[in-house]
Amino acid sequence: MAVEIATFGSGCFWCSEAVYQTEESVLKVTSGYTGGNVPNPTYDQICTGNTGHAEVVRLEFDSTKITYEKLVKLFFQSHDPTTLNRQGNDVGTQYRSVIYYHSPEQKEIAEQVKAELEAAGKYSSPIVTDIEPAPEFYPAEDYHQDFYLRNKRHPYCANIITPKLEKLAEAPPK
């Protein structure tokens, strides 16, 4: 087993966490905050949009069983990478589309997948996803961890996350 780390911001981390928890080669998913200017931010602080942090998920994955490229493709498929600082009704810089890379190889793969999607005309608008080096990561409060798994009947989970997971199951990334 070769454990690697990946960090993605694709809107609300409840959704993102649920998406990656469906991948059996993803060993751990932690919701959190990164990319801002306040140490140890709280959810209430980042919700103001004033800390500069993005809601992200940090994955630990077995790279002998799933490639970083497949995770990047799942990242792009699981949200709208063409909306600046917005995913659905969630609006603000904390919901930006961003890939935080942990190595030069991850940066290269992320840029390659993004360029391939743009060249293929996959989206009707330009991809606005940022690709940046991974800064300090701060885990979110405990009540955010495993949110979907613990709260499937919560209105956000039932109306947003469950349909997203069903759609991804029908057409997983290749």
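Given H placed on each backbone N at 1.01 Å, which residues far from residue 56 in sequence or on other chains put an amide H within less than 5 Å of it?
The list, which skips near neighbours in sequence, is 32, 33, 34.
Which entries of 65/107; 65/152; 28/174; 73/164 have Cα-Cα distances beyond 24 Å here? The partial results should precede the final answer.
On the way: 65/107 20 Å; 65/152 28 Å; 28/174 22 Å; 73/164 15 Å.
Checking Cα-Cα distances, 65/152 exceed 24 Å.
Assuming 1.002 mPa s and 20 °C, estimate D for region 1-78 with Stokes-Einstein, Rh taken as the Kirkwood radius over Cα pairs, in µm²/s. Each step should come with its number before you reach the end.
Numbers: Rh = 13.0 Å.
In µm²/s, the coefficient rounds to 165.
List the GluC sites (Glu not before Pro) in region 9-108 that DSSP assigns to loop (not H, G, I, E or B) and whose Cβ has at most 11 other Cβ atoms within 10 Å. Which are they?
On the way: sites: 17, 23, 24, 55, 60, 69, 105, 108; in loops: 23, 24.
Of the GluC sites (Glu not before Pro), the ones in loops of region 9-108 whose Cβ has at most 11 other Cβ atoms within 10 Å are 24.
Give me the net charge for the shell around residue 95: Cβ to Cβ below 13 angstrom, other residues only, Lys and Arg +1, Asp and Glu -1.
Working: positive: 86, 96; negative: 55, 80, 90, 130.
Counting the neighbours of residue 95, the net charge comes to -2.
Label-point separation (nm) for residue 132 and residue 166, each offset 7 Å from Cα along Cα-to-Cβ?
3.6 nm
Given the convex hull over the Cα atoms of the chain, what projected area results after averaging over all orientations, in nm²? Each step should come with its number before you reach the end.
Values: hull surface 38.5 nm².
Here the figure is 9.6 nm², rounded to one decimal.
Could you list the trypsin sites (Lys or Arg not before Pro) in region 1-104 that lie in coil according to DSSP, counting only those with at most 15 other Cβ atoms within 10 Å of their Cβ?
Values: sites: 28, 58, 65, 70, 73, 86, 96; in loops: 65, 96.
Answer in residue order: 65.
May I ask you to give the solvent-accessible area per residue for the chain, in square angstrom, as obtained with a 1.4 angstrom probe?
51 Å²
Quickly estimate the mean residue ellipticity at 222 nm for the chain, helices only: each DSSP H run with n ≥ 4 gives -39500 (n - 2.57), and the total goes over all residues, rounded to 500. Walk me through the intermediate numbers first.
Numbers: 6 runs with 53 residues, N = 174.
My calculation for the chain gives -8500 deg cm²/dmol from helical runs alone.
When the chain is fully extended, how far beyond the present Cα-Cα distance does residue 149 get from residue 85, taking 0.36 nm per residue of separation?
Working it through step by step, the gained length comes to 20.4 nm.
If you take the beta carbon distance between residue 118 and residue 64 as r and set R0 to 45 Å, what does 1/(1 + (r/R0)^6) give as a FRET efficiency, to the nearest 0.05?
Details: r = 30 Å, r/R0 = 0.66.
Taking R0 as 45 Å, the efficiency between residue 118 and residue 64 is 0.90.
Tell me, what HN-Hα J-couplings in whole Hz come from the Karplus equation 6.51 cos²θ - 1.76 cosθ + 1.60 at θ = phi - 60° for each residue of region 149-166, using x for Gly and Pro?
With coefficients 6.51, -1.76 and 1.60, one gets 4, 8, 9, 4, 8, 4, x, 5, 5, 5, 8, 10, 6, 4, x, 5, 5, 5 Hz.
Using amide H atoms built 1.01 Å from N in the peptide plane, name the residues 5+ places from residue 27, or on other chains, whose amide H lies under 5 Å from its own.
60, 61, 62
The values are calculated or read from the model by the stated rules, or taken from the named source; none is laboratory data. A quick note: this is a predicted structure, and the numbers were derived from the prediction, not measured. In this analysis, Cβ positions are derived from the backbone assuming ideal geometry, glycine residues included, and neighbour counts consider all displayed protein chains. SASA here: full protein model, heavy atoms, side chains in, ligands and nucleic acids out. Shrake-Rupley method; radii C 1.70, N 1.55, O 1.52, S 1.80 Å.
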